[in-house]
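Have a look at the structure below before the remarks.
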Amino acid sequence: MNAKISQQLAQQLERCSTINEDVGHVDQQMFRQGMSKLAAAVNVITTDGHAGKAGFTASAVCSVSDSPPTLLVCLNRSASVYETFKTNQVLCVNTLNAQQQHLSNVFGGKTPMSARFAEGKWRTLLTQAPVLEDALVSFDCRVVQSVSIGSHDVLFCQVKAIRQQSEENALVYFNRSYCETQSM
């Protein structure tokens, strides 16, 4: 049985047109193309504090631990909001529902901060980071650790409060396009 599985796997690999022949080297374009096949929730990450209010769109967010509740957010050090997030050390991960694509575009572009926050209704929880009232779920967090990797900082964030909404579908980014999740 193992030989048969190995043979099938070898045949699949032969048919794959994107195999990198240079073993041990993955170039930037190949990596980005591969990552475009990794579906991810679309989030608006927000902060407020001594350095001011800021927000950006991110799909590089994931759970780290449930004890204590911790998630991570990846933030490019060249982003215009980087210093604000670094100084404030609090943030809220607002997971968008399928009807909120416009918010992703507003927070993902060059729109001035005041215009970004003019979109949607906002409130605060424990950390005072802006919480989108009709987000699918919002994780109000304090940054407890930051690690620099390549062009980004990985922000490890302890969740201090959660606000959940109705059972709407999530907005997902897959294959360089927005998608809507649906139950199977």
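The values are calculated or read from the model by the stated rules, or taken from the named source; none is laboratory data. Worth saying up front: this structure is predicted, and the values here are computed from it rather than measured. Every residue, glycine as well, gets a Cβ built from its backbone with ideal geometry; the counts of neighbours run over all protein chains shown.
What the table shows:
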{"item": "Residue count for region 61-97, restricted to those that are of a type in the set (A, V, I, L, M) and either more than 22 Å from Y173 (Cα to Cα) or at pLDDT below 95 (or both)", "result": "1"}
{"item": "Any pair with Cβ under 8 angstrom, 6 or more apart, that starts in region 53-81 at a residue that is over 19 Å from S36 (Cβ atoms) and free of Cβ contacts under 8 Å to residues at least 40 places away in the same chain and ends at one that is β-branched (V, I, T) and assigned to a strand (DSSP E or B)", "result": "S63/T70; V81/T47"}
{"item": "Residue match in region 152-164 (condition: out of contact with any Asp or Glu (no Cβ under 9 Å at 6 or more places or on another chain), not in a strand (DSSP E or B) and not aliphatic (A, V, I, L, M))", "result": "no"}
{"item": "Contacts under 7 angstrom Cβ, first residue in region 172-184 being of a type in the set (A, V, I, L, M), partner surrounded by 10 or more Cβ atoms within 10 Å (Cβ to Cβ) and not in a strand (DSSP E or B), 6 or more apart", "result": "V172/A39; V172/V42; V172/T181"}
{"item": "Subset of region 14-56 (residues that are modelled with pLDDT of 95 or more, among the β-branched types (V, I, T) and part of a loop (DSSP other than H, G, I, E, B))", "result": "V42"}
{"item": "Qualifying residue in region 77-90 (condition: part of a loop (DSSP other than H, G, I, E, B) and closer than 21 Å to S166 by Cα)", "result": "no"}
{"item": "Selection count where residues are over 15 Å from Q100 (Cβ atoms) and either modelled with pLDDT of 95 or more or part of a strand (DSSP E or B) (or both), scope region 165-183", "result": "2"}
